[in-house]
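For reference, the structure discussed in these notes is given below.
Taken together, the values in this text are just the output of simple stated rules run on the coordinates, not laboratory data. Only a predicted model underlies this, so the values are computations on that prediction, with no experimental measurement involved. Neighbour counts run over all protein chains shown; Cβ positions are idealised from the backbone, glycine included.
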Amino acid sequence: MVKEIERAGIPVVHMCTVTPISMTVGANRIVPTIAIPHPLGNPALPAEEEYALRRKLVSRALEALTTEVQDQTIFEL
Amino acid sequence: MSYRVVHYINQFFANIGGEEMAHVAPELREGFVGPGLAFNQAWKGEAEIVATIVCGDSHFAEHEKEAKAQILAWVKEKKPDLFIAGPAFNAGRYGYACANVALAVKEELGIPVLTGMYEENPGADLKDKILIVPTANSAAGMRKAAPVMAKLALKLMKGEKLGASCEDGYMPNGVRVNFFEKERGSKRAVDMLLKKLADKPFTTEYPMPSFDRVAPNPAVKDLSHATVALCTSGGIVPKGNPDHIESSSASHYGEYCIKGVEKLTAETYETAHGGYDPVYANDDPNRVLPVDVMREFEREGRIGKLHDYFYTTVGNGTSVANAKKFAAEYAQKLLQAGVNAVIMTST
Amino acid sequence: MKNARDFLIVTNNPLLAQCMGDCYELSFFPDCSYREILVKVRDLVYAGHILYTHPLSGSVKPNETPYKSIAVSKAPHTFSAEQAGIIAECILAADKFPPRTRALGEAVKRDFQLIDYTLLAGALEFDAAAGLSKIKNHE
Amino acid sequence: MKLELGFIEIKDIQFSNECKVENGTLFVDAEAVKTFVYEDDDVKACVKSASFDIARPGESVRITPVKDVIEPRVKVEGPGGEFPGVIAKVDTVGSGRTHVLRGMAIVTAGKIVGFQEGIIDMTGPGAEYTPFSKLLNLVMVCEPVEGVHQHEYEHAVRIAGLRAATFVGELGRSVTPDEVKSFETYGIKEGIEKFPELPRVAYVHMLQSQGLLHDTYVYGVDAKRSLTTILYPTETMDGAIISGNCVSACDKNTTYHHQNNPVVADLFEQHGKTLNYVCNIITNENVYLADKQRSSDWSAKLCRLLDLDGVIVSQEGFGNPDTDLIMNTKKIEQMGVKTTIITDEYAGQDGKSQSLADADPLADAVVTGGNANEVIVLPPMEKVIGTLDYVDKIAGGHAGSLRPDGSIEAELQVITGATNEMGFNRLSAR
């Protein structure tokens with residue numbers, strides 16, 4: 001799916017917990033996330049901290065979008 | 001003069017001990033150790049193991065960077081014609097170490113490398129980057145693996161042209177190489193069809209690519225003036241799933257307006273995805289589709305605008321073909337709406 | 001049935017433009033490369049135009065012939081992901097052939113133009129010979 | 001339908017002032033062949049000259065640019081004649097008895113268009129890749145009458161080659177064959193009764209049909225004008241299909257390939273033993289996308305109608321035929337009929353690119369004829385039949401591919417039949 005968006009000419013970042021899958025589906029910019037049922041959150045954290053974590057993850061995704069890449073690249077947090 | 005080889009093995013094959021000794025740090029020994037004998041014998045003096053590097057599997061996993069640096073320094077010093085690692089058979093961490101050390105030697109020292117392991121060993125993920133000989137899943141396979149590896153190793157040291165993977169016995173590495181089969185193509189096709197008809201195993205000569213690659217688009221230059229869209233395969237939909245997107249075998253995708261929506265709440269949104277525990281996403285749908293954070297970035301001017309629509313599919317039930325079709329379709333809508341970048345989230 | 005009124009031919013082939021130009025609507029880009037024609041068609045397919053002929057018509061390799069002609073629908077319809085896939089694969093396939101910088105003689109160019117023209121004419125059921133005699137009479 | 005092939009082994013060809021086959025030697029008077037070839041009006045009008053030469057296996061000879069390769073045969077019993085609908089009348093062939101001059105071929109060569117393709121080396125590394133280096137070749141080099149349209153000229157040279165083959169084949173009429181083999185497939189019900197336990201298998205034979213220089217003819221009908229249909233395998237063996245394809249030398253099917261279709265031969269080899277060979281389904285490779293859809297729909301429909309268990313699908317040519325191949329395979333598999341397909345690859349000179357222009361997971365049983373982009377160096381030959389004028393322009397030849405010493409650096413693409421998609425060769429790739 002990411003590939004079709006990329007194909008259309010729009011840069012796309014894939015936020016995904018299982019990064020090998022992300023590699024396999026052909027994403028070029030990849031940000032690893034927390035867990036399958038809650039990729040952008042962690043219910044174990046207090047609400048404020050959880051929000052901060054999400055902000056950090058999405059911020060990383062925005063950084064990925066503004067970074068030139070040649071090949072599939074994983075942007076670790 | 002015979003070719004010089006450095007061999008990498010783990011604590012187990014160096015006879016130091018099993019799992020309880022997996023913590024041992026890298027160590028350099030002169031000459032061959034353990035399984036190296038089999039290679040030396042196969043080379044009949046044409047090549048020889050001049051040094052063996054032994055490293056505990058846990059040690060490598062936990063101190064990869066340091067271990068690699070130490071190993072590279074030793075290899076460099078020994079100036080070998082080839083670096084050979086393993087074979088690791090089905091030992092996962094050993095395989096990982098063999099593959100990664102070999103890759104580092106190849107990339108940083110420019111020395112030919114070779115390793116061997118069972119096809120399902122995680123280290124085999126690197127088969128497109130380094131040559132890996134497939135082996136049995138236990139050390140009992142050494143007798144079969146050693147001659148294949150030794151022969152291929154000699155070829156590499158002599159700088160001879162590599163044959164096709166099935167000829168030279170390495171795992172297919174994405175590089176297609178021609179060779180002459182024993183039978184003509186039509187005969188092979190008839191034989192393959194007969195096996196397929198009898199439900200017997202057969203091997204295709206050209207595995208269909210399961211995916212293609214699209215080159216990355218240039219980075220977004222100015223995010224503060226960019227429209228960014230959110231898409232997800234995590235099945236986030238308005239509460240009540242108005243479009244009845246099925247939790248499995250999804251036949252369509254959802255397109256929903258979030259204009260004026262500050263954040264997703266449990267009262268207004270939920271997940272239609274049937275493939276994971278929905279509790280967390282239903283409690284707080286922002287955990288899958290981070291509208292809340294994006295709005296904040298929008299207010300801060302970090303991004304120009306969050307696109308008014310998001311697109312959603314359910315990852316598990318949608319066929320690859322459908323997923324492709326859906327994404328291709330909404331990608332066009334995004335394009336026409338002037339979206340500059342997309343964040344796709346998956347569960 | 002093939003509806004000639006709906007054909008839009010995207011081409012960089014001057015011979016085709018001469019022979020078919022007065023019978024069909026053309027987007028004629030004499031200065032475009034083979035690949036640029038594929039990209040133009042890709043963008044039309046993205047915009048919903050129907051792909052009528054296969055973009056890799058002919059077995060002349062993409063780095064041999066400079067000429068390419070493809071028929072699409074005049075008007076955009078609904079976007080087809082399947083067709084977008086076909087044209088995307090074609091561009092990938094064309095990119096596999098390393099570009100060759102060489103000067104083609106006029107006679108060879110003419111032959112490549114003829115092949116490209118007749119392949120498309122055949123696909124659209126246009127009388128290729130009649131088209132040729134038309135320009136012959138003109139000359 | 002039952003066909004007997006009587007094979008006359010040809011062990012040498014000699015120019016002579018008479019024409020006969022004696023003790024395995026073909027004696028041939030080039031003037032007599034030429035006279036017969038020129039009895040056709042189109043040949044007369046379009047072909048300025050035709051000259052003959054002989055190339056034997058192992059000789060330092062390069063034949064280029066090759067147009068077609070044809071095996072000389074003659075119908076000695078039963079209905080029809082050679083190349084029905086083109087040379088002979090249109091009567092259905094595939095039964096009775098046909099004599100084959102085995103071990104030799106007529107090769108037509110000479111410029112058709114300015115980027116003409118096809119090299120046959122009779123010795124050296126290139127010879128390993130083309131099956132025609134193992135044959136005694138009677139080569140006819142043609143030149144066009146000035147100003148003749150390419151499509152008219154292609155037609156004339158095609159006819160000239162077939163006429164030459166017909167003339168030579170006729171010389172085997174009253175020769176006692178060295179070997180006789182018979183081939184027979186049965187009617188639907190008859191076949192089921194005869195082999196109730198065997199899987200029903202057919203051959204889906206894709207024919208190149210894109211247009212000028214890319215055509216195939218079945219009983220004289222341009223394949224692009226035909227719907228997918230059925231042939232007895234023996235019809236194919238008996239000259240029903242001829243090649244009008246001059247493009248993509250490595251994976252075009254010459255008339256010789258059609259006459260000696262290896263899939264047909266190898267299915268017959270198993271016929272009545274491990275499978276019941278039902279028929280050939282011929283389908284085209286048109287440029288118009290709706291045609292592709294219709295033709296592949298029909299292939300799948302006929303597979304179902306014939307209650308097949310499995311098929312082998314073969315392809316011809318580069319590029320858009322990949323789309324036909326995948327459409328056929330996918331639709332036939334979706335009918336519940338198992339497929340094995342034969343193709344070749346364009347994986348780039350480094351072997352790293354995606355090999356086909358289309359793909360589908362249902363195409364899970366693939367036989368490959370090798371990577372046509374692989375680079376090969378062909379050393380100079382002492383003698384060239386035809387001309388090297390076009391070498392740096394043929395497919396896969398890159399600029400400067402003809403070196404000063406007469407050697408050629410090029411991709412396998414340039415070699416006639418090198419990566420044949422009927423599985424004629426042993427070449428493969430992994």
Residue-averaged [θ]222 nm for chain D, counting only DSSP H segments that reach four residues, each worth -39500 (n - 2.57): -6500 deg cm²/dmol
Antiparallel content of DSSP bridges confined to chain D, in %, to 5: 50 percent
Viscosity 1.306 mPa s, 10 °C: Kirkwood-radius Stokes-Einstein D of the stretch B:97-214 over Cα pairs, µm²/s: 98 µm²/s
Taking N as its residue count, the alpha carbon Rg of the stretch D:74-156 over 2.2 N^0.38 Å: 1.41
Burial order of peptide ranges D:95-108, B:188-201, B:107-120 (average beta-carbon count within 10 Å, highest first): D:95-108, B:107-120, B:188-201
Fluctuation leader among A:Val25, A:Val13, A:Val58 - chain A, Gaussian network, Cα springs under 10 angstrom: A:Val25
Prolate/oblate/rounded label for the stretch B:223-345 (Cα gyration tensor, a/c 1.5): oblate
Lys, Arg +1 and Asp, Glu -1 on Cβ, resulting dipole of the protein assembly as shown about Cα centre, debye, nearest 20: 440 debye
C-alpha long axis of helix A:47-65 to longest principal axis of chain A, angle in °: 10 degrees
Relative intensity, log₁₀ I(q)/I(0), of the stretch D:7-91 from a Debye sum that treats every alpha carbon as a point, q = 0.13, 0.14, 0.23 Å⁻¹: -0.59, -0.68, -1.44
Alpha carbon Rg of the stretch B:144-202, scaled by the compact-globule rule 2.2 N^0.38 Å: 1.44
Three-way shape call for chain D based on the alpha-carbon gyration tensor, with the a/c threshold at 1.5: oblate
Rg and Dmax of the protein assembly as shown, Cα atoms only, in Å: 31.6, 103
Loop-located GluC sites (Glu not before Pro) in the stretch D:191-277, at most 13 other Cβ atoms within 10 Å (DSSP): D:Glu197
Debye, to nearest 20: dipole size of the stretch D:88-184, +1 on Lys, Arg Cβ, -1 on Asp, Glu Cβ: 320 debye
Of C:Lys109/D:Lys134; C:Lys61/D:Lys224; B:Lys196/D:Lys331, those spanning more than 29 Å from alpha-carbon to alpha-carbon: C:Lys109/D:Lys134
Sequence-distant lysines (8 or more away, or on other chains) whose Cα lies within less than 20 Å of D:Lys194: D:Lys2, D:Lys273
Rounded, prolate or oblate (a/c below 1.5 giving rounded, otherwise prolate when a/b exceeds b/c) for the stretch B:3-168 by Cα gyration tensor: rounded
Shielding score for B:223-232, defined as the mean number of other chain Cβ atoms within 10 Å: 3
Most positive-pole-ward Cα, C:Tyr52, C:Gly105, C:Thr65, against dipole of the stretch C:4-138 from beta carbon charges: C:Gly105
Value of D in µm² per second that Stokes-Einstein yields for the stretch C:1-95, Kirkwood Rh from Cα pairs, at 4 °C (1.567 mPa s): 97 µm²/s
Descending Cα extents along the principal axes, chain B, whole Å: 77, 54, 39
Sequence-separation-based contact order of chain D, relative, with Cα cut under 8 Å and 6+ spacing, percent: 19 percent
